[in-house]
Amino acid sequence: MKKIVLALMAVATIAMVGCNKNQKEEPTGPQEINEVQARYNDTIVMKQVMPGYTTYTVTIDNEANGFIEKDTVFVGCIGETTLHITADETHKKDVKLTVVPRLPESYMFTIPNLDWSRDRAALVKELGNPDNRVGNLPDSCYVYYSKDAAEPYIYYYFNGDDFNTLNEILVNIPSTDKDHGEVLKLFVAERYPYFGKGTMGTTPVWIYLNAPKRADANTQILYYVQNGWNVSFTPHSYSK
């Protein structure tokens, strides 16, 4: 399988579309930008978007797609949002920001359905009979073998008195698939806002949520390396 050149991930690629792109004559100076296309971990400086001013303030509609420090946007998760820019306190402009994947399609896998209301019968109706069952209690964990390019195993864990409450979905890329496993963390970071680092026993874990604010999230996502590369999805609830 073709290797990704990891150094490529650090290269910031930002495509910008100027507001005078349909004019036939060549622009004579720096042009303002109407749209920006960027990738996770890129940076966008406002003087590139609205050149010729001294001071800038900027806000973003969806904080999952980027966070702001002074006049710079640090690009976050995949999606579309709008930047609201004010230059020299009076000149205002809205700019569309589209965040696209950094990873090529051959390194993608389908994110599992995160509907936590499903019981075992609903899961089987959706996915068919499991390819395997693990553990001492056969109804406590159903295993499906993904047909995606990364070929992970997907474990569905149930608890409760009758093992009918879905409480974790675990995606595992085996240690034999180093090519896909080593970029799994970037796949997660491109899609979910980061909330810090912790430990699970002695294993480091990177913590993400499926919304930029804890109160809006219903799923916690943990990335960690143990018996391969893993992404754990669990229900999340927030209380002050």
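Where a number appears in this text, it was derived from the coordinates with a stated rule and is not lab data. Treat the numbers as computed from the prediction; the structure is a model and nothing was measured. So basically every Cβ, Gly included, is an ideal-geometry build from the backbone, and we count neighbours across all protein chains shown.
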At 20 °C in a medium of viscosity 1.002 mPa s, the chain has a Stokes-Einstein diffusion coefficient, with Rh taken as the Kirkwood radius over alpha carbon pairs, in µm² per second, of 105 µm²/s
Obtain the nm distance between the two label points defined at Asp119 and Glu105 by a simple spin-label model: each point lies 7 Å from its Cα along the Cα-to-C-beta direction. 4.0 nm
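Would you mind putting 73-86, 186-199, 109-122 in packing order, based on average other-beta-carbon counts within 10 Å, highest first?
Result, highest mean first: 73-86, 186-199, 109-122.
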Contour excess over end-to-end distance, with Cα ends at Asp61 and Tyr194 and 0.36 nm allotted per residue: 46.1 nm
Hey, could you get me the Stokes-Einstein D for region 120-202, Kirkwood radius over alpha-carbon pairs, 20 °C and 1.002 mPa s, rounded to whole µm² s⁻¹? 146 µm²/s
Counting Lys +1, Arg +1, Asp -1, Glu -1, what net charge surrounds Thr81 among other residues with beta carbon under 10 Å of its beta carbon? -2
Indicate, rounded to the nearest 5 percent, the antiparallel portion of the DSSP beta bridges found entirely in the chain. 90 percent
Using alpha carbons only, how many angstrom separate the centre of region 113-142 from the centre of region 163-240? 19 Å
Percent relative contact order of the chain, based on C-alpha pairs within less than 8 angstrom and at least six residues apart? 13 percent
